[in-house]
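Student: Before I ask anything, here is the structure I am working with.
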Amino acid sequence: MNMVHRNFIFFLAFSCSFLFPAESAFSSVVSGRVFLDCNGNGVFDRGDRPLKGIPVSDGDTIIFSGAKGRYSVDISGNGALFVILPDGFSASGAAGIMNGGMPVSGYMDFPLRRTEKKKDFRMAAVGDIQADNNEQIDFASRTILKELASRHDLDFLVHMGDMVNDKPRLLQNVCDAVESVGEPAWCVIGNHDLDMGRRPRKTMNFKKIVGNDVTAFRRGDYCFVLLDNVELGDTALPAPQIRFLKNLVSILPDKVSLVLCQHVPMSGMKNRDKIFSALGHRKTLVVSAHAHTVFRKHWSDKVEEVSVGATCGSWWTGERNSWGIPVALMQGGSPRCYFIFDFSGDGYTFRFKGVGMDPSIQAGIWVRGENSSDDSVKVLASEPKGRFAVNVYGGGETTSVEYSIDNNTWLPLDKVRMIDPTVSRISYMNHRGGYPTEFSRRQPLRRSPSPHIWAATLPENLFGKPLVLHIRVRDSAGLAPFDFSRPVFIR
């Protein structure tokens with residue numbers, strides 16, 4: 001979709017961002033109408049019906065459309081304007097990226113259409129694409145975006161920020177590639193999506209090309225909120241957005257849970273206590289990215305966080321495979337990935353999905369004594385024979401892992417602080433084993449422990465004969481349970 005087409009669609013869509021330079025002739029007070037667009041032409045005309053009581057926000061305060069669907073709001077403080085879509089409504093005529101676009105005056109209508117209400121629905125959370133050039137956009141198009149376009153089981157996607165790598169000029173190209181997936185998609189703003197050459201860095205290009213950096217919408221018993229926690233330097237959520245969260249919580253029915261979609265994880269927010277206070281007692285799922293490592297955090301009985309890693313892995317680096325795509329393993333040993341979330345009236349579950357990998361692959365196993373090359377990797381060679389590690393790619397503090405040899409007697413594995421063995425092996429190859437080869441780039445892997453490894457040691461009487469290792473994984477905070485088995489032979 002070209003830029004002219006997208007801007008036209010966004011003009012008709014439910015949310016929009018405004019940038020008003022000091023010399024602008026437009027008033028900061030914006031008014032318009034929210035209406036049911038019965039004929040789908042995006043214009044309030046014969047047969048269309050005004051919608052009363054629809055929440056409209058500037059990313060701080062929240063007002064409601066009046067009896068004739070009219071609203072008026074001063075957006076001078078935040079430069080954003082959007083409808084908080086009620087469940088059962090969507091933007092009329094909108095497709096692809098749903099953040100919204102720039103209007104051309106101080107008047108803006110919001111044409112909506114009715115859609116099916118669904119208690120059960122599925123979302124894909126897609127971490128940093130972080131394209132540095134057009135070749136990397138091609139990497140994304142041939143892998144993650146191709147896979148998403150082929151699924152046909154998703155209700156919508158949320159891209160978790162860092163669409164580009166400090167290259168605002170590439171935002172349009174990445175947006176075109178994202179829209180080619182053909183599914184509704186919202187895009188969080190990341191720190192590398194900000195304008196260059198400005199201090200503090202601004203959101204101008206993102207708002208022009210992608211749309212609002214703050215917005216919200218309802219689906220079933222959940223309200224999804226896209227936040228901008230990068231413009232202040234990755235350290236704090238701005239005060240207007242904290243007020244917006246408080247206002248939003250106050251108007252939502254008690255049964256509705258929040259899903260906060262933000263680029264930087266909560267651990268990076270110096271004012272996260274204020275954020276949590278704004279949530280009150282509302283049950284909340286935080287979805288984040290940014291760290292190029294999959295991890296989870298149990299903040300309280302009400303707040304859980306899943307940080308979904310990056311679809312670019314370790315910044316599109318590492319040895320290229322037969323199709324010319326860098327392996328780009330992530331810091332914690334997880335492959336390039338995204339996450340699938342299934343929401344229902346009973347709660348949510350989620351699971352890791354490796355890009356290009358079978359959905360059943362949720363973990364990896366390393367066994368000391370299987371691979372002779374490990375004898376050359378000091379940190380691996382120091383492990384006792386029979387030691388094995390299970391990297392549960394989506395695991396966290398609430399995950400339990402057990403193993404069995406006979407599929408009858410189950411024993412627990414211990415959660416350990418350990419560098420993922422594959423990371424250790426690649427680090428060795430980077431320095432002494434011939435990596436990187438021609439056309440490949442060295443992976444900047446840090447030798448830090450993975451946050452999701454469990455380990456145990458097999459007894460010596462099992463060495464030297466084939467056996468099957470059975471693994472089962474359970475979790476009390478949303479990770480979908482799974483079992484798998486793998487043949488093992490310890491030399």
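Coordinate-derived values only; no laboratory data. Values in this document were obtained by computation on a predicted structure and should not be read as measured data. Methodologically, a virtual Cβ is constructed for each residue, glycine included, from the backbone with ideal geometry; neighbour enumeration extends over all protein chains shown.
Student: Could the peptides 110-120, 374-384 be put in order, highest first, of the mean number of other beta-carbon atoms found within 10 Å of their residues?
Tutor: Listed from highest to lowest mean packing, they are 110-120, 374-384.
Student: Charges at C-beta only: +1 for Lys and Arg, -1 for Asp and Glu. How large is the resulting dipole of the chain about its Cα centre, in Debye rounded to 20?
Tutor: 380
Student: Among Met160, Ser314, Phe217, which residue has its Cα positioned farthest towards the positive end of the charge dipole of segment 118-359, with +1 placed on the Cβ of Lys and Arg, -1 on the Cβ of Asp and Glu, and the dipole taken about the Cα centre?
Tutor: The Cα lying farthest towards the positive end belongs to Phe217.
Student: Rounding to the nearest 10 and keeping the result within 0 to 90°, find how far the Cα-based axis of helix 421-432 lies from the longest principal axis of the chain.
Tutor: The angle comes out at about 80 degrees.
Student: log10 I(q)/I(0), Debye, Cα-only segment 320-376, no solvent, q = 0.20, 0.27, 0.28 Å⁻¹?
Tutor: -0.94, -1.13, -1.14
Student: Let me ask something additional. Hull surface divided by four, with the convex hull built on the Cα atoms of the chain: how many nm²?
Tutor: If you wrap the Cα atoms of the chain in a convex hull and average its projections, you get 24.1 nm².
Student: If one puts a single equal scatterer on every Cα of segment 213-299 and applies the Debye formula without solvent, what log₁₀ I(q)/I(0) results at q = 0.12 Å⁻¹?
Tutor: Debye intensities relative to I(0), on a log10 scale: -0.32.
Student: Of Gly333, Phe89, Ser257, which is farthest towards the positive pole of the chain's charge dipole, taken about the Cα centre with +1 and -1 on the beta-carbons of Lys, Arg and Asp, Glu respectively?
Tutor: Ser257
Student: Expressed in whole Å with the largest first, what are the equivalent ellipsoid semi-axes of segment 270-319 derived from the C-alpha gyration tensor as the square root of 5 times each eigenvalue?
Tutor: 29, 10, 7
Student: Next question. Per the helix-only calculation at 222 nm, which mean residue ellipticity applies to the chain, given -39500 (n - 2.57) for every DSSP H run of n ≥ 4 and division by its residues, nearest 500 deg cm²/dmol?
Tutor: -4500 deg cm²/dmol
Student: Let me ask you something else. Using +1 at the Cβ of each Lys and Arg and -1 at the Cβ of each Asp and Glu in segment 335-395, identify which of Ser376, Ala389, Tyr348 lies farthest towards the dipole's positive end.
Tutor: The residue sitting farthest along the positive end of the dipole is Ser376.
Student: On to the next question. Pairing the Cα long axis of helix 239-251 with the longest principal axis of the chain, what angle in degrees results, from 0 to 90 and rounded to the nearest 10?
Tutor: Once rounded, the angle reads 80 degrees.
Student: Moving on to the next point. Can you order the peptides 170-177, 225-232 by their average number of other Cβ atoms within 10 Å per residue, highest first?
Tutor: 225-232, 170-177
Student: Per residue of segment 443-459, in order, report the coupling 6.51 cos²θ - 1.76 cosθ + 1.60 (Karplus, θ = phi - 60°) as ³J(HN,Hα) in whole Hz, putting x for Gly and Pro.
Tutor: Each residue's phi maps through the Karplus curve to give 6, x, 7, 8, 8, 10, x, 6, x, 9, 10, 10, 9, 7, 10, 7, x Hz.
Student: Please go through segment 236-269 and write out the trypsin sites (Lys or Arg not before Pro) that DSSP classes as loop and that have at most 12 other C-beta atoms within 10 Å.
Tutor: Within segment 236-269, the qualifying trypsin sites (Lys or Arg not before Pro) (loop, at most 12 other Cβ atoms within 10 Å) are Lys255.
Student: Considering only DSSP states other than H, G, I, E and B, which GluC sites (Glu not before Pro) in segment 389-465 qualify as loop sites with at most 10 other Cβ atoms within 10 Å?
Tutor: Sites meeting the loop and neighbour criteria: Glu438.
Student: Here's a follow-up. If the reach is capped at under 17 angstrom between alpha carbons, list the lysines near Lys146, excluding any in the same chain fewer than eight residues apart.
Tutor: Leaving aside lysines fewer than 8 places away in the same chain, those within reach of Lys146 are Lys353.
Student: Could you list which residues have their amide H under 5 Å from that of Arg219, counting only those 5 or more apart in sequence or on another chain, with H placed in the peptide plane?
Tutor: Those lying under 5 Å, H to H, from Arg219 are Phe224.
Student: Tell me the chymotrypsin sites (Phe, Trp or Tyr not before Pro) within segment 442-491 that lie in a loop according to DSSP and have at most 13 other beta-carbon atoms within 10 Å.
Tutor: Here the chymotrypsin sites (Phe, Trp or Tyr not before Pro) that fit, given the DSSP loop and packing criteria, are Phe489.
Student: Roughly how tilted is helix 3-12, in degrees to the nearest 10 and between 0 and 90, from the longest Cα axis of the chain?
Tutor: 60
Student: Here's a follow-up. Report, in cubic angstrom per residue, the convex hull volume of the C-alpha atoms of segment 70-200.
Tutor: Each residue corresponds to 134 Å³ of Cα convex hull volume.
Student: Quick query: amide H of Leu51 versus all other amide H atoms, modeled in the peptide plane; which residues come in under 5 Å with a sequence gap of 5 or more or a different chain?
Tutor: Amide H neighbours of Leu51: Val34, Phe35, Leu36, Gly69.
Student: Take each of the peptides 429-435, 123-129, 299-305, average the number of other beta-carbon atoms within 10 Å over its residues, and list them starting from the highest.
Tutor: With the highest mean Cβ count within 10 Å placed first, the list reads 123-129, 299-305, 429-435.
Student: Let me know the Kirkwood hydrodynamic radius for segment 118-359, please, with Cα pairs as the basis and the value in Å to one decimal.
Tutor: 18.0
Student: Normalise the Debye intensity by I(0) for segment 262-395, one equal point scatterer per Cα, no solvent, then take log10 at q = 0.09, 0.11, 0.12, 0.16 Å⁻¹ and round to two decimals.
Tutor: The calculated log intensity ratios at q = 0.09, 0.11, 0.12, 0.16 Å⁻¹ are -0.37, -0.53, -0.62, -0.95.
Student: Show the residues, 5+ positions off or on another chain, whose built amide H is closer than 5 Å to the amide H of Arg441.
Tutor: Gly318
Student: Can you pull the semi-axes for segment 371-490, root of five times each eigenvalue of the Cα gyration tensor, sorted largest first, whole Å?
Tutor: Taking √(5λ) for each eigenvalue gives 27, 20, 12 Å, largest first.
Student: For segment 220-238 and segment 133-182, write down the distance between their C-alpha centroids in whole Å.
Tutor: 21
Student: Taking 10 °C and 1.306 mPa s as the conditions, I'd like the Stokes-Einstein D for segment 238-341 in µm²/s, using the Kirkwood hydrodynamic radius from alpha carbon pairs.
Tutor: In µm²/s, the coefficient rounds to 104.
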